[in-house]
Number of protein chains: 2
Amino acid sequence: MTAADPARKPTLAVVGATGAVGTVMLDILSTRENVWGEIRLIASPRSAGKKLVVRGEEVEVIALSEEAFDGVDVAMFDVPDEVSAQWAPVAAARGAVAVDNSGAFRMDDDVPLVVPEVNAPAARNRPRGIISNPNCTTLSMIVALGALHAEFGLKELVVASYQAASGAGQPGVDTLRDQIAKVAGTELGTATGDLRAAVGDTGPFPAPLVLNAVPWAGSLKEGGWSSEELKVRNESRKILGLPDLRVSATCVRIPVITTHSLAVHAVFENEVSVERAHGILREAPGVVLYDNPGAGEFPTPNDVVGTDPTWVGRVRRAVDDPLALDLFLCGDNLRKGAALNTAQIAELIAAELSAG
Amino acid sequence: MTAADPARKPTLAVVGATGAVGTVMLDILSTRENVWGEIRLIASPRSAGKKLVVRGEEVEVIALSEEAFDGVDVAMFDVPDEVSAQWAPVAAARGAVAVDNSGAFRMDDDVPLVVPEVNAPAARNRPRGIISNPNCTTLSMIVALGALHAEFGLKELVVASYQAASGAGQPGVDTLRDQIAKVAGTELGTATGDLRAAVGDTGPFPAPLVLNAVPWAGSLKEGGWSSEELKVRNESRKILGLPDLRVSATCVRIPVITTHSLAVHAVFENEVSVERAHGILREAPGVVLYDNPGAGEFPTPNDVVGTDPTWVGRVRRAVDDPLALDLFLCGDNLRKGAALNTAQIAELIAAELSAG
């Protein structure tokens, strides 16, 4: 790593600056505390020369290359797995700390998987010079669950997701918008298979998403599990440092633009109470407790989209199990679920470099 | 009860014939085996005189009154709780067996709660002359779970629902259609609270439903539970005859017109296997197994709407628990979830009367 000059603010590179997460990242970097010196924007050669606004100033996008990382202290990657797999080690070899939002390194034993509110110290142990950012579904619940775990001791999670179209990137959003236009003013959605016939191209989804729920995200793994479901299990275990945590997840896409929701049944070592859980969630950094259903207060994706925290509502103690809580959580999958957590990890490194 | 004349086909009354479920009921009665003599259509006085088609013939709707039940053998009720509470006992007192689709009698110890594929014999023990039809959410999973229970012995259910707008009746459907028209061609759904501002009236839902997920159905009960969630627990226990079954449900409304979906984590007494579960679900009456995600085969609401069975897919053994299965189920909430199951119960009684 480049020896830090305490007088100099560190240089940040944003790789994938023109993508869906990259766009949110520039917005986030423009509103958070300004810890960075230069912010360098990097993308594929076909985006080079494009000008994007960050911190109120136009910055020209440069093409991804080895030299693009010269002088960079922290390089954030918001690119597909295979691009990260190739280029994050290049950035690290050039002296940058790579903070990667792809799935390429998350389960690598030599790469920490970091959620600053939960396991910030893990970021210091990075033998490959790479830190991974968790999957957006895991990130939509893990801050709140980490806080509850610290109090009650987590033993088991049963998770059902309500995932947004933008989890599949801009093509996901465009597909859903197009399908909405096609069903507006019609009676579609009431006869078997009528949507499949009417909407045509299903874009990145394996079935029509409008007026539907699609219980599939990712690729097929052993035992009928989807890759998304196993990520929730494996990443939760790694972030919480609980290699024996029992996790069952069912991941389902629903017609929402942005913000993932999760119904979580969490079983703990110790007896739980709603009152104590409320107290913990009210104090937890990065969490908003919004739980008063009698007054119509529970999180929905549209309350949460565009905000940073994990919102938690519908906190109930299981009627038949004093060790279990049932919760409904929402998190903006493009912010905390991707760009924000990456930015927070990068800021941890900036603070470390400043501290010398 | 009226003494049955084996030469005469029994008389059926449909109370609430003009409602959302009543409409589906007339369709179902027109396509199932014709076990009924007279089919009498009953509704509120303001609908009296209206003509509806059943079994290909126009039938005039008559107003609800005590005399309307004279000569009726089986009276099906698809009306609000308070109407059933008043009139089902009237029908029973006039000699009919009342089959009630409201929540008025479901937890009454003297009223059986019947799903013919699961507990048909329970229908014979009806001291009040009333039989209840379960809630649509319970009905969307219980046939498949009953079959698995018979093999493996059910111990615990964790349920997350993806419920359709028509669960809130025609006003629910109209509200969602109206909201879809309002968001089509816009960028709505991407800024905090923009839907709440744009869609105005949320109809029977406590928040905008389009491009959203609303974790609330029913009324507030003790401990922060919704009435819908407790129905799933209490009705599952009663139907399966398992008073100690542990059940946690989180009920969520999503922007789908018709067909409820459920992600279910089911824990059994005995070790499970996907192969054995597949075998059971393939053989179970009233169940369609649709589970080959590698070929894009899993149920979605739009595959299932308008069909009778419970569809089951995504059958997985929990990675960390050899006693647990994870499943995704879909059922048309207006058919098996309401009208069809009521018709099936009525047919059980018709067969009983014919048998003398």
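Computed quantities for the displayed model
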item	result
Charge sum, other residues only, whose C-beta stays under 13 Å from residue B:63's C-beta, Lys/Arg counted +1 and Asp/Glu -1	0
Residue of B:34, B:234, B:302 that the Gaussian network model of chain B assigns the largest fluctuation, springs spanning Cα pairs under 10 Å	B:34
Fluctuation leader among B:13, B:85, B:123 - chain B, Gaussian network, Cα springs under 10 angstrom	B:85
For segment B:24-82: relative contact order, % (alpha-carbon pairs under 8 angstrom, 6 or more apart)	28 percent
15 Å cut-off, amide nitrogen to a point 7 angstrom out along residue A:351 Cα→Cβ, residues in segment A:116-158	A:116-125
Dimensionless Rg/Rh of the protein assembly as shown - Kirkwood Rh, Rg from C-alpha atoms	1.03
Residues whose placed amide H lies under 5 Å from that of residue B:155, excluding near-sequence neighbours	B:267, B:268, B:269
Length-normalised contact order for segment B:192-287 - Cα pairs under 8 Å, 6+ apart - percent	23 percent
Modelled FRET efficiency - R0 45 Å, residue A:70 with residue A:278, Cβ distances, 0.05 increments	0.35
Filter on A:155/B:221; A:155/A:238; B:182/B:336; A:336/B:182; B:155/B:238; A:9/A:51 - keep pairs with C-alpha separation over 20 Å	A:155/B:221; B:182/B:336; A:336/B:182; A:9/A:51
Per-residue Cβ neighbour rank within 10 angstrom, fewest leading, B:31, B:250	B:31, B:250
The protein assembly as shown - charge dipole about Cα centre, Lys and Arg +1 at Cβ, Asp and Glu -1, debye rounded to 20	260 debye
Kyte-Doolittle mean at least -1.0 and Cα axial length at least 20 Å: DSSP H helices in chain A	A:136-152, A:169-183, A:340-354
At 1.002 mPa s and 20 °C, Stokes diffusion of chain A via Kirkwood alpha-carbon radius, µm² per second	101 µm²/s
Net charge dipole size for chain A [Lys, Arg +1 and Asp, Glu -1 on Cβ; Debye, nearest 20]	180 debye
Over segment B:232-356 - Rg/Rh using Cα atoms and the Kirkwood inverse-distance radius	1.00
Low-density loop cleavage sites - GluC sites (Glu not before Pro) in segment A:31-129, where at most 16 other Cβ are within 10 Å (DSSP)	A:33, A:38, A:66
Alpha-carbon centroids, segment B:62-93 and segment B:139-163: separation in whole Å	32 Å
Spatially proximal aspartates and glutamates relative to residue A:50 (Cα-Cα < 14 Å; intrachain offsets below 8 disregarded)	A:58, A:60
For residue A:99, distant residues with modelled amide H under 5 Å away	A:75, A:76, A:77, A:131
Cα-based equivalent ellipsoid, segment A:154-282: semi-axes from gyration tensor eigenvalues, Å	34, 17, 13
Dipole magnitude of segment A:103-255, debye to nearest 20 (Cβ charges: Lys/Arg +1, Asp/Glu -1, about Cα centre)	280 debye
Beta bridges by DSSP in segment A:19-116, antiparallel share as percent, to the nearest 5	40 percent
Helical contribution to [θ] at 222 nm, DSSP H n ≥ 4, -39,500 (n - 2.57), averaged over chain A, rounded to 500	-9500 deg cm²/dmol
Estimated FRET transfer efficiency (residue A:151, residue B:292; beta-carbon r; R0 60 Å; 0.05)	0.90
Column: log10 I(q)/I(0), Debye, Cα scatterers of segment A:194-261, q = 0.15, 0.22 Å⁻¹	-0.59, -0.98
Cα→Cβ-extended label distance, 7 Å offset, between residue B:50 and residue B:222, nm	4.0 nm
For the protein assembly as shown, share of DSSP beta bridges that run antiparallel, in % to the nearest 5	50 percent
DSSP bridge pairs, chain A: antiparallel proportion in percent, nearest 5	50 percent
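Each value in this text was obtained by applying a stated rule to the coordinates, not by laboratory testing. This structure is a prediction, so every number in the text was calculated from the model and none was measured. Cβ coordinates were reconstructed from backbone atoms using ideal geometry, including for glycine residues, and neighbour counts include every protein chain displayed.
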